[in-house]
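Take a look at the structure below.
The values are calculated or read from the model by the stated rules, or taken from the named source; none is laboratory data. In this text, all values refer to a predicted model and were calculated from it rather than measured experimentally. Neighbour counts are summed over all protein chains in view; Cβ atoms, including those assigned to glycine, are modelled from backbone coordinates with ideal geometry. Note: accessible area is taken over every heavy atom of the protein model, side chains too, but ligands, DNA and RNA are not part of it. Shrake-Rupley method; radii C 1.70, N 1.55, O 1.52, S 1.80 Å.
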Amino acid sequence: MRGGAVDQNLILQGESILFSSAHALGFFSTINPKVIREVNLYRSILPAEYGGRLSSVLVVDTRSGNREKIRIGGGMGPVSARFNVEGPFANKAGSFLASWRGSYSDWILQQVQDPAIKRSTASFYDVNLLVDYDLSEADQLHLSLYAAKDQFSYNQAFGFNYGTRAAEVGYEKKWNNGLISELSLVANTFEAAREQLSGLATGILTNGITYYKIKEKVTWPVGDDWHFTAGFENIWYRQPGQQLTPTGEVSTLTATTLEKEQARESALFAEATWQLHPNVTIKAGLRGNHYQYLGGRTLLAYEGDFSDNNVSDTLRYGSGDAIATYRTLEPRVSLLFRMTDQHSLRGGYSRTSQYVNQVFNTDTPAPQSQFQLSTPYIPPFLAHNFSLGWFANTPKNHWEFGVEGFYRAFDQLWDYKDFAVLNLNPYLEQELITGQGKAYGAEVTLKRRASRFEGQFSYTWSRTTYQIPGINAGNWYPAPFDQPHNVNAVLQYRINERQRLNANFVYASGRPTTAPLTSYSFTGALPVPIYTERNQLRIPDYHRLDVSWQLGMNKNKEKGFKTSWDFTLYNVYGRRNPFSVFYTQRANQRYDFVANRLSVLGAAFPSISFNFEWL
């Protein structure tokens, strides 16, 4: 988001943090659309109640079940199926909503002519259970249970799987003066594994992260001009430590387990919204973060740079000991100025920090990439975010237009040394270098709302660069997620009450990469590759067009039953978008390399699904 890395976006389902947002290598979202009530995306200028990420916050509020009667729905197609049921209980004092999705796509892979794809497998499922119960007119309990699992293997050579289990309990109290208190308790575990299935190095590399969260938020409207929000949040992180387990009788791997890690992130926040004038709204807030990296584990003491040559001692910390403490104050302010009924200016500033980062050194980070807590030697990321935009709409809101510029200054971040060893490294600080960065650009959006034709178009131009001593001679270089051009277009045309046509187009510049150009050898030894400078080349651009036709059947009013069909053509023009890029020696040559593109679905893919609902 706006030049930020994949892990710099906070994704919340209710109050539960999701560390992975995609099923099936990005083809499905891990959030089931059938449980969504409302979605809010905050870019750069974040409300004070949200923290822990640099770039953005995506808040997905889940809905309640039907309070009047039981409703059942679902759908099935050649790749996946879904089923949901909802309804009241306790004389309509409560409601429930249960939803399941799953895939069975292996038979599709068997039809592909490519032998490597034919020997691959992919599957996923997710389950949601939402329960709401009114203790009284002013008191409500909420329970949310969520589980998701993904599995993928390629050519019987390697594979990975990952999954989430989350539980949330919420209590909402409404007071007579309009004050609302919301208390939530969350427990969440994310687990991931990468498995080597062939060769002498067969084994499973596992990692993950668990957290427990408590949050209290109070909102209080005061008259028509003021609105206050305040509260606190505590998150306890537990990281099991990477573990390598050899598999197979001939594996040459050695079983290895890293030490467990834990940390605590606490915050106090307060924010006020002031309607200064009918045309002027000011929102100002402050978030204070207090982070502690905790024992027990063993750390090295250094005299000078973080390297084996400068190790002076080995330090052992007991469980719960505060090893390192970081504090940040994060002011947030935004201004809305309505120039006319159809034109407005919006701008603001926010300070953000991030204490949990995802560690990867590949062009395509996968969910099994490890999570790194901030330590005495690995500092948190820090950033200043600025934005200013102009927005306009027609009198009947049939058209909306906006253009917004943004700038982000990273005053503290880190990147990896050349040839860094990241997996199973208990002293990762020896592979990292701290520096600074910047991201800037502009977004243009156009929306059309009408009875028959709706659509949205957005274009983003952005650049993200780092400057870190020891990398590219200290010069500025493209960040791993620097993508100058991004285009998204969604169109929907309603032919009649029963039929709709939809089209979706996405385009993104290829991300930077570091590649071997040639190699050399001494006296016939193995070739030693010579690489470009950091991130000087780019993987191929990503672009794709999808179209669909939705056909709704007549509703049976007597039985309260309706059906519909969805006909979809994914990747219409068969673009071989890269899932990953890897390099091998050119055939019959010793010193040159060739780039190889792995495309999981590099052809047009038709699909049909049948949907049903008992009303």
So, in the stretch 27-55, how many residues would count as being open to solvent by 50 Å² or more (accessible area, probe 1.4 Å) and either assigned to a loop (DSSP other than H, G, I, E, B) or free of Cβ contacts under 8 Å to residues at least 12 places away in the same chain (or both)? 3
When you scan the stretch 413-434, how many residues do you find that are part of a loop (DSSP other than H, G, I, E, B) and open to solvent by less than 60 Å² (accessible area, probe 1.4 Å)? 5
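Residue-wise test of (1) hydrophobic (A, V, I, L, M, F, W, C); (2) over 16 Å from ASN611 (Cβ atoms).
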{"residue": "PHE83", "(1), (2)": "yes, no"}
{"residue": "PHE89", "(1), (2)": "yes, yes"}
{"residue": "ARG101", "(1), (2)": "no, no"}
{"residue": "TYR104", "(1), (2)": "no, yes"}
{"residue": "VAL112", "(1), (2)": "yes, yes"}
{"residue": "LYS118", "(1), (2)": "no, yes"}
Which ones in the stretch 255-279 are small (Gly, Ala, Ser), more than 27 Å from the chain's Cα centre (by Cα) and more than 26 Å from ASN207 (Cβ to Cβ)? ALA272
Give the residues of the stretch 154-204 that are touching a helix residue (DSSP H, G or I) at 6+ places or on another chain (Cβ under 9 Å) and open to solvent by less than 40 Å² (accessible area, probe 1.4 Å), sorted by residue number. ALA157
Provide a single number: the residues in the stretch 465-474 that are modelled with pLDDT of 95 or more and within 13 Å of GLN536 (Cα to Cα). 2
Of the residues LEU145, LEU97, which is within 18 Å of SER16 (Cβ to Cβ), open to solvent by 60 Å² or more (accessible area, probe 1.4 Å) and modelled with pLDDT of 85 or more? LEU145
Could you tell me which residue of the stretch 323-334 is farthest from GLU261 (Cα to Cα), considering only residues that are touching a Lys or Arg at 6+ places or on another chain (Cβ under 9 Å) and of a type outside the set (Val, Ile, Thr)? SER334
Condition (residue is touching a residue at least 12 places away in the same chain (Cβ under 8 Å), open to solvent by less than 20 Å² (accessible area, probe 1.4 Å), closer than 28 Å to TYR212 by Cα and not β-branched (Val, Ile, Thr)) applied to the stretch 68-79: is it met by at least one residue? no
Examine the stretch 567-578 for a residue that is out of contact with any Asp or Glu (no Cβ under 9 Å at 6 or more places or on another chain), outside any loop (DSSP other than H, G, I, E, B), modelled with pLDDT under 90 and not hydroxyl-bearing (Ser, Thr, Tyr), and state whether such a residue exists. no
If I ask for residues that are touching a Phe, Trp or Tyr at 6+ places or on another chain (Cβ under 9 Å) and either exposed (fewer than 15 other Cβ atoms within 10 Å of the Cβ) or part of a helix (DSSP H, G or I) (or both), which ones from the stretch 120-142 would you list? THR121, LEU135, ALA138, ASP139, LEU141
With respect to LEU253, is the statement that it is touching a Pro at 6+ places or on another chain (Cβ under 7 Å), over 25 Å from LEU422 (Cβ atoms) and either surrounded by 15 or more Cβ atoms within 10 Å (Cβ to Cβ) or modelled with pLDDT under 95 (or both) true? no
Checking ASP321 against (1) in contact (Cβ under 8 Å) with a residue 40 or more places away in the chain; (2) under 27 Å from PRO426 (Cβ atoms); (3) surrounded by fewer than 17 Cβ atoms within 10 Å (Cβ to Cβ), which single condition isn't satisfied? (1)
Can you give me the ranges of the strands (runs of 3 or more DSSP E) entirely in the stretch 253-304 with at least 2 residues that are closer than 18 Å to GLY51 by Cβ? 261-277, 280-294
Scan GLY318, GLY405 and give me the residue that is out of contact with any helix residue (DSSP H, G or I) (no Cβ under 9 Å at 6 or more places or on another chain), under 30 Å from SER20 (Cα atoms) and at pLDDT 90 or above. GLY405
When the stretch 496-506 is checked residue by residue, the ones that are assigned to a loop (DSSP other than H, G, I, E, B) and either of a type in the set (Asp, Glu) or without any contact (Cβ under 8 Å) to a residue 40 or more places away in the chain (or both) are ASN496, GLU497
Within the stretch 435-472, which residues are open to solvent by 40 Å² or more (accessible area, probe 1.4 Å), touching a residue at least 40 places away in the same chain (Cβ under 8 Å) and within 22 Å of TYR531 (Cα to Cα)? GLY470
Test: ALA201 is in contact with a strand residue (DSSP E or B) (Cβ under 9 Å, 6 or more places away or on another chain) and either modelled with pLDDT of 95 or more or assigned to a strand (DSSP E or B) (or both): no
